[in-house]
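Down below is the structure, laid out as structure tokens.
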């Protein structure tokens, strides 16, 4: 997989499949929205959605009145589709084309959301880089929410190997810098009438961290 071109892979997917022809299609991202609501974020809170693609989460966040939303995805095609769908509202969002594994933010965020991007990072160095970036880019009072395939979920997605997580393994990866708030498992029904089991965990940054 060393020569695997991740960006090309995802551009091909978004250029060849319709919105509802991918397994992660979710018209109402209920679980993610529940986490947003749980923390009573200010409408001016800086929110970033990692691997957001053409997800509907941004539509719902805008409808809720949030004013400082960033959506990041490796696929420019995916973000263009989201922009077209949002029309004039697209100008209210910051769009970033970048690989989560190498993304270097230029600002700090109050709420970092990642549904099904983290589990595509299977190389230890990529995982460590990503988690270090999160730690450095979330405000001291910030919240992190990560959703991945659970140990009862798929082992591949879109033909790519993924890394499954449990509540224990997810918490262990993050415990150096983050305190776990809660974890839940969720069954996601795909457009193909299959079920994928996810684990979603929320974390709060430790008040004092040591590098």
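The values are calculated or read from the model by the stated rules, or taken from the named source; none is laboratory data. The structure presented is a predicted model; accordingly, all values stated were derived computationally and were not measured. Note that each Cβ is placed from the backbone with ideal geometry, even for glycine, and that neighbours are counted across all protein chains shown.
Give the residues of region 180-211 that are within 21 Å of residue 134 (Cβ to Cβ) and modelled with pLDDT of 95 or more, sorted by residue number.
Once the filter is applied, which keeps residues that are within 21 Å of residue 134 (Cβ to Cβ) and modelled with pLDDT of 95 or more, region 180-211 yields 180, 181, 182, 183, 184, 199, 200, 201, 202, 203, 204.
Identify the residue in region 21-34 that is assigned to a helix (DSSP H, G or I), more than 13 Å from the chain's Cα centre (by Cα) and over 15 Å from residue 78 (Cα atoms) and, among all such residues, is modelled with the highest pLDDT.
Within region 21-34, the subset assigned to a helix (DSSP H, G or I) is 21, 30-34.
The next check asks that each one be more than 13 Å from the chain's Cα centre (by Cα); those that pass are 21, 30, 34.
In the following step, the residues that additionally are over 15 Å from residue 78 (Cα atoms) were identified as 30, 34.
Values: 30: 92, 34: 95.
Ranking the qualifying residues of region 21-34, first place goes to 34.
So the check is Cβ under 7 Å with 6+ separation or different chains; which pairs have a first residue in region 63-86 that's in a helix (DSSP H, G or I) and a second one that's modelled with pLDDT under 95 and exposed (fewer than 15 other Cβ atoms within 10 Å of the Cβ)?
So the pair list comes out as 77/15.
Mind checking which residues of region 36-58 are within 23 Å of residue 106 (Cβ to Cβ) and either at pLDDT below 95 or part of a loop (DSSP other than H, G, I, E, B) (or both)?
Within region 36-58, 41, 42, 43, 44, 45, 46, 51, 52, 53, 55 qualify.
Give me the pairs: first residue in region 161-172 and closer than 16 Å to residue 123 by Cβ, second residue assigned to a strand (DSSP E or B), beta-carbon distance under 6 Å, and six or more apart or on different chains, which are they?
162/149; 164/149; 165/148; 165/199
So which residues in region 104-132 are outside any helix (DSSP H, G or I) and without any contact (Cβ under 8 Å) to a residue 40 or more places away in the chain, if there are any at all? Walk me through it before giving the result.
Initially, region 104-132 is screened for residues outside any helix (DSSP H, G or I), giving 104-117, 121-123.
Listed by number, the residues that qualify are 104, 106, 123.
Inspect region 93-107 for any residue being buried (at least 21 other Cβ atoms within 10 Å of the Cβ) and modelled with pLDDT under 95 and give the result as yes or no.
Looking through region 93-107, at least one residue is buried (at least 21 other Cβ atoms within 10 Å of the Cβ) and modelled with pLDDT under 95.
Condition check ((1) over 16 Å from residue 110 (Cα atoms); (2) surrounded by 15 or more Cβ atoms within 10 Å (Cβ to Cβ)) across all residues:
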{"position": "165", "(1), (2)": "yes, yes"}
{"position": "181", "(1), (2)": "no, yes"}
{"position": "192", "(1), (2)": "yes, no"}
{"position": "203", "(1), (2)": "no, yes"}
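For residues in region 133-152 being in contact with a strand residue (DSSP E or B) (Cβ under 7 Å, 6 or more places away or on another chain) and not in a strand (DSSP E or B), which is surrounded by the most Cβ atoms within 10 Å (Cβ to Cβ)?
134
Hey, could you check region 153-178 for residues that are in contact with a helix residue (DSSP H, G or I) (Cβ under 9 Å, 6 or more places away or on another chain) and either part of a strand (DSSP E or B) or at positive phi (or both) and say which is modelled with the lowest pLDDT?
The extreme case among them is 158.
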